[in-house]
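Working notes, beginning with the structure itself.
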There are 2 protein chains.
Amino acid sequence: MPQTPHVEQHFTGSEFIRDIVIGMSDGLTVPFALAAGLSGIANSTAIVITGGLAEIAAGAIAMGLGGYLAAKSDAEHYASERENERYEIETIPAKETEEVEQLLLSYGLEKAQSTLVTNALRKRPEAWIDFMMRFELGLEKPDPKRALTSALTIGLSYIAGGLVPLAPYMLISKAGSALIFSVIFTLVALFIFGYVKGRFTGARPLRSALQTALIGGLAAAAAFGLAKLIS
Amino acid sequence: MPQTPHVEQHFTGSEFIRDIVIGMSDGLTVPFALAAGLSGIANSTAIVITGGLAEIAAGAIAMGLGGYLAAKSDAEHYASERENERYEIETIPAKETEEVEQLLLSYGLEKAQSTLVTNALRKRPEAWIDFMMRFELGLEKPDPKRALTSALTIGLSYIAGGLVPLAPYMLISKAGSALIFSVIFTLVALFIFGYVKGRFTGARPLRSALQTALIGGLAAAAAFGLAKLIS
């Protein structure tokens with residue numbers, strides 16, 4: 001299965017923006033929640049900062065490398081499915097022809113019209129394969145050079161997002177006060193991020209802003225509560 | 001843009017399996033790395049366990065709720081794009097007809113054949129809209145009831161994955177020894193998980209197993225190293 005989210009034509013941003021959204025979305029949320037959780041049990045901010053930075057490093061690598069391999073694997077998956085289609089078209093053309101006809105009939109074409117289309121496709125095997133990739137499988141050709149850019153964008157966005165909730169702990173020595181500033185800063189950042197994300201993804205920006213802040217807030221509250229409960 | 005990964009027809013698993021993969025993939029990796037990082041600075045396992053559980057709670061909520069909202073937003077996105085297409089077909093049918101013809105011409109059909117297809121589509125506006133959704137936008141109709149199941153599956157898989165690296169810290173009181181067992185257990189779990197994932201996604205299982213273990217190992221090593229460096 002393709003492991004990267006499928007981006008379609010009406011999307012007003014680019015794949016670059018999508019990678020920033022993927023990285024920053026988790027980067028703002030998970031280190032925020034973890035820092036809140038650790039601040040609930042640690043008296044000094046040192047453990048919050050160290051734990052938070054360790055998490056950012058781990059998350060950035062896991063997400064960045066994960067994105068790299070997902071993009072690579074999408075490209076391989078596309079190539080292998082294309083080979084399958086080519087093989088099927090060469091070995092069982094009658095069955096593949098019938099698949100195309102069935103598809104076209106389901107869109108209201110008549111038998112004679114479907115046959116005209118399939119005859120045209122049969123004359124151009126490469127176009128036929130492309131047609132099957134798109135129509136039967138719903139797959140689009142991935143850009144093979146995207147993997148590295150994608151990995152770096154996701155990883156760096158995760159780091160940028162993760163430093164927002166940690167910054168107050170670096171500037172304020174008392175964990176309790178730092179937590180309050182971290183919550184305020186991060187909720188504002190999540191709100192703005194959710195708003196901008198909504199504009200790019202075509203969702204209602206205000207609702208996207210509120211949802212993004214809500215997820216981050218709930219995750220942080222749960223982490224804080226659980227840590228308090230255990231310690 | 002659709003925020004859930006696009007699953008196509010040749011995928012041998014289901015969306016349920018995909019959600020397990022999404023949750024467990026991060027669940028095995030991030031708490032593992034964080035626990036390794038925390039064990040590098042804490043003498044007792046208490047801080048590792050508390051921090052780890054806080055992270056699991058935060059991650060499960062962030063990913064589960066994120067998955068819920070992504071599925072909801074995909075459904076809304078599909079509905080809104082479908083309304084756009086309907087509007088375009090009703091208001092500028094000539095332009096939409098030409099778009100279909102251009103698409104078909106690019107697959108090697110001749111003008112006269114394309115016209116037959118577009119004429120057939122024009123007689124059935126609903127089928128025409130479906131055709132545009134699939135062909136022009138590459139969108140598939142999402143299941144509106146999936147959001148809740150998806151959220152729970154992702155969240156619970158994250159928790160299940162996250163408890164693997166933490167278990168040794170709960171059973172062994174010395175952080176250093178617990179780390180060794182955590183690394184062994186989790187790398188084995190990542191290897192098996194990567195293998196099974198590869199079987200389901202059509203990737204080469206052994207390669208998927210090695211890659212998954214590598215990402216987890218690198219993330220944990222980075223977190224451990226960074227934590228040691230700071231403290």
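Obtain the radius of gyration and the Kirkwood radius of region A:71-129 from its C-alpha atoms and give Rg over Rh.
Result: Rg/Rh = 1.07.
Which residues' amide hydrogens lie under 5 Å from the amide hydrogen of B:THR45, considering only partners 5 or more residues apart or on another chain, with H built in the peptide plane?
Result for B:THR45 returns B:ALA175.
Treating the angle as unsigned and between 0 and 90°, give the value, to the nearest 10°, between the Cα long axis of helix B:15-39 and the longest Cα principal axis of chain B.
Tilt relative to chain B: about 30 degrees.
Quote the relative contact order of chain A in percent (integer), defining contacts as alpha-carbon pairs under 8 Å separated by 6+ residues.
On the way: 300 pairs, mean separation 90.2, N = 231.
Across chain A, relative contact order equals 39 percent.
Can you pull the Kirkwood radius for the protein assembly as shown, inverse mean 1/r over Cα pairs, to one decimal in Å?
Working: mean 1/r = 0.0427 Å⁻¹.
Value: 23.4 Å, from the Cα pair sum.
Tell me: how much accessible area in total is hidden between A and B, 1.4 Å probe, Å², nearest 100?
The summed interface area works out to 6400 Å².
Straight-line reach from B:LYS145: which aspartates and glutamates have a Cα under 18 Å away, not including same-chain ones fewer than 8 places off?
B:GLU15, B:ASP19, B:ASP74, B:GLU76
Going by alpha carbons, how many degrees (0 to 90, nearest 10) lie between the helix axis of A:93-106 and the longest principal axis of chain A?
Tilt of helix A:93-106: around 70 degrees.
So what's the angle, to the nearest 10 degrees on a 0 to 90 scale, between helix A:146-171 and the longest Cα principal axis of chain A?
Between the helix axis and the principal axis of chain A, the angle is about 20 degrees.
Calculate the all-directions average of the projected area of chain A's alpha-carbon convex hull, and give it in nm².
Numbers: hull surface 62.9 nm².
The directionally averaged projection comes out at 15.7 nm².
Using the structure shown, list the pairs from A:LYS174/A:LYS197; B:LYS72/B:LYS111; A:LYS111/B:LYS95; A:LYS141/B:LYS111; A:LYS141/B:LYS197 with a Cα-Cα distance above 29 Å, or answer none.
Violating the 29 Å limit, Cα to Cα: A:LYS174/A:LYS197; B:LYS72/B:LYS111.
Mind giving me the FRET efficiency for A:ARG86 and A:ARG204? R0 is 35 Å, r the Cβ-Cβ distance, nearest 0.05 is fine.
Between A:ARG86 and A:ARG204 the formula returns 0.20.
What net charge is computed for the residues neighbouring B:VAL164, neighbours being all others with C-beta under 14 Å from the C-beta of B:VAL164, Lys and Arg scored +1, Asp and Glu -1?
Local net charge: -2.
The values are calculated or read from the model by the stated rules, or taken from the named source; none is laboratory data. Only a predicted model underlies this, so the values are computations on that prediction, with no experimental measurement involved. Ideal geometry is used to build each Cβ from the backbone, glycine not excepted, and the neighbour counts take in all protein chains shown. SASA here: full protein model, heavy atoms, side chains in, ligands and nucleic acids out. Shrake-Rupley method; radii C 1.70, N 1.55, O 1.52, S 1.80 Å.
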